[in-house]
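Reviewing the structure listed below.
Read-outs: derived from the displayed coordinates by stated rules, not from any lab. Bear in mind the structure is a predicted one, so any value in this text is a computation, not a measurement. Quick reminder, even Gly has a Cβ in these numbers, built from the backbone with ideal geometry, and neighbours come from all protein chains shown.
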Amino acid sequence: MARWPTGMTGGRMREYQGLQVGKARVRGVLRNTGQGVVFRVETPGTLATDSLGLQSDTSGHMAEHGIGSAPRIELPSVNISGGPLSYSYRVYEIQLHFGRTDHQGSEHLLAGFAFPAEVQIYAYNSVLYANSSEARNRAYGIAAVSIFVKVTRKDAQTRGNGQDGFLKESKMTKPNLDLKMLTDQLQYITYKGDSVPLKALSIYELLPATAALITYEGSLTTPGCEETATWIVLNRPLYMSPSQLAALRKLKQGEPASPIAPLGNNFRFPQPLHQRAIRTNIDLVHPDRGRETATPTAASTNSGEEGESEDAFSNAMSSHCPKKFYQGTNKDRHLWLNRTILEIENCNSKPWVASQ
């Protein structure tokens, strides 16, 4: 994870055809690990109860949803390929990172500003490796798709007007239904070790409608932070209602009988770049294809006025969906994300290519 540069220059890298994402719905288990919220995908040929070491009667939810007693069946997997990826990667996990306040929570920063939450979709290289445990320790092992989360209107009955700190609702800013599928189950995983099964989550629908991204080779953000991940940061956010975010903040780190602390602030702080190359398919070189970049804040800043954070996503570029990768140059110790990198216009259709 990293901060992103205020300016990126360099030559074109290669043609970009977009990510290919499987449309199958997956099943698995949502769990409070005591350190975060993790949805572990049930892998083909196994049951989520087996892969996670869960009992069929865990909190009564496994039997209720018909997973604990189910026979072994071959399940469809969801693969991600294309874009900056040279291999096909199989999705195995989703992580939710969030803060106890609205000014922190994301593991990537936008011009020094954090967002209240970040969704990360993890996939392992299924061409070279047998599973995620093997892949996370090997070269080109993991692909991690990162999506910022923003808060939309106050509640389901109140319309935001864009003047009270909440966005006007549009097709693009409605809370994501598949993200809601996850947050609706949070009531069942209040304490460490609690888990609940989910049967029909769409990775494809969880992704926001954009073909624009930035990518770099970095490390995983959970122990042992292996440097085997290809990070893909999308330029549009997911939207979450205040009540969904409040449900996340009710989760606890410990078990009911132990001292209970909030689970929030489960994010790793940005790490030094160490001269890694950054690529994007967003043309930040030609000013006629986008708006002027706002002046960045100090490197130590990771919070600020709400208006600053809102403008970061509304400051749209006017170019068509990009087709090339550009490599960035940056002499700073950390990377900074350019404000104009987000919300590319004329990308209204679903850019993800469904793969069978």
Positive minus negative residues near Gly264 (Lys, Arg vs Asp, Glu; Cβ under 12 Å): +3
message: Quick check on my link table: of Lys23/Lys199; Lys174/Lys250; Lys150/Lys174, which ones sit more than 18 Å apart, alpha carbon to alpha carbon?
response: Lys174/Lys250
field: Spacing of the two label points (7 Å from each Cα toward its C-beta) at Lys23 and Ser243, in nm
entry: 3.1
